[in-house]
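Each remark here refers to the structure printed beneath this line.
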Amino acid sequence: MVETVTRFAPSPTGYLHLGHAHAALFAVRAARAAGGRFLLRIEDIDFTRCRPEYEDAIFEDLAWLGLSWDGPVLRQSERRAAYDAALAALAAAGLTYPCSCTRKEIAAEIAAAGGAPQGPDGPLYPGTCRNRSGRGDEAAIRLDCAKAGRQAGVLEFFDRGAGRVAVDACLFGDAVIARRDIGTSYHLACVVDDAHQGVTLVTRGEDLLPATHIQRVLQAALGLPVPQYHHHGLLRDEDGRRLAKRDAARSIRSLREAGTSPAEVRALAGFAD
Ligand code: GLU
């Protein structure tokens, strides 16, 4: 039987809040219930938003909560070579193109066309640079989703809550898979590292279920193993809004400073002992 390997993959862009505690506990419990391993990955590719003090706080807050992870922590900022290799493989397969459009140009193009289909992250890119012989430097790299979808054929993924989900290769359109400033993207780094770390069960909030569509396409294009998924519900505040890093009062840190015990915070995060 395949060992169950889960991971918690926070970005150090703020203090962890109860929603993160829920996600981390969900991943730990899934691993422990199956006698498997639970890994910690720091998703710090975006140097414009990540800060070292938030990374330190992640280790401290998780330890205070009573969570321990197996093996060394993987830091995405140290994995650039692996992301570059994946990008090169996608380019060699003819599945990417450079894009030098500015946000303003994209908005103007969409307005001129009378609108664009809406994706999970906003209006879909109209494909302006797809057939341009663009310069590779100073450009973002986009995935040619239609071509990648055609090459992959029919795809699906299995979610422990939703069951079998048919993949829409173009849900995000021709998404940027390498930003010009950071040289990679969440989707690319995520699939490369889930495979590298041997993750067999990706647990994360249901807000990321759409992301699994494009991630599944990237796995197919890169020949990576496909994990199972379990997208869980999100913790919400009294008004039904999902918790975010801006809700300082619900950070694990402020709860702890207010005298809340680890067991109480675990219970607030939906995991009473
Ligand atoms: N770094 C992502 C976040 O903090 C998690 C992504 C994932 O679990 O795949 O939202």
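The numbers here are math on the coordinates, done by the rules we state, and not lab data. Note that the structure is predicted; figures quoted are calculated from it, not measured. Positions of Cβ are backbone-derived with ideal geometry, glycine not excepted, and every protein chain shown enters the neighbour counts.
Worth pointing out:
- Under the simplified labelling scheme, the Trp64-Ala91 pair shows an inter-label distance of 4.4 nm, with each label point 7 Å from Cα along Cα→Cβ.
- Other-chain or far-sequence residues with amide H under 5 Å of Arg160's (modelled H): Tyr229, His230, His231
- Distant alpha-carbon pairs in the stretch 150-273 (separation over 25 angstrom), percent: 40
- Rounded to 10°, Cα long-axis angle of helix 80-92 versus longest principal axis of the chain: 30
- In Å, descending, principal axis extents of the Cα set of the chain: 59, 44, 33
- Residue order, fewest to most beta carbons within 10 Å, for Arg266, Arg164: Arg164, Arg266
- Simple rule: put +1 on each Lys or Arg Cβ and -1 on each Asp or Glu Cβ in the chain, find the dipole, and look at Ile58, Ala23, Leu87; the Cα lying farthest toward the positive end is Leu87.
- Rounded to the nearest 20 debye, the dipole magnitude of the chain is 420 debye, with +1 charges on Lys and Arg beta carbons, -1 on Asp and Glu beta carbons, and the Cα centre as origin.
- The trypsin sites (Lys or Arg not before Pro) of the stretch 1-78 that DSSP puts in a loop, and whose beta carbon has at most 15 other beta carbons within 10 Å, are Arg49.
- Loop-located GluC sites (Glu not before Pro) in the stretch 200-273 whose Cβ has at most 13 other Cβ within 10 Å (DSSP): Glu238
- Cα centroids of the stretch 50-118 and the stretch 130-191: 12 Å apart.
- At full extension, Glu3 and Arg236 could sit 80.7 nm farther apart than now, given 0.36 nm per residue minus the alpha carbon distance.
- With contacts taken as Cα pairs under 8 Å at a separation of at least 6 residues, the stretch 140-273 carries a relative contact order of 23 percent.
- Estimated FRET transfer efficiency (Asp181, Ala111; beta-carbon r; R0 25 Å; 0.05): 0.45
- Net charge of neighbours whose Cβ lies under 11 Å from the Cβ of Glu206, counting Lys and Arg as +1 and Asp and Glu as -1: 0
- Computed over the stretch 49-168: relative contact order in percent, which uses C-alpha pairs under 8 Å that are six or more apart: 22
- Where only DSSP H runs of four or more residues are counted, the chain gives -11000 deg cm²/dmol as its mean residue ellipticity at 222 nm, each run worth -39500 (n - 2.57).
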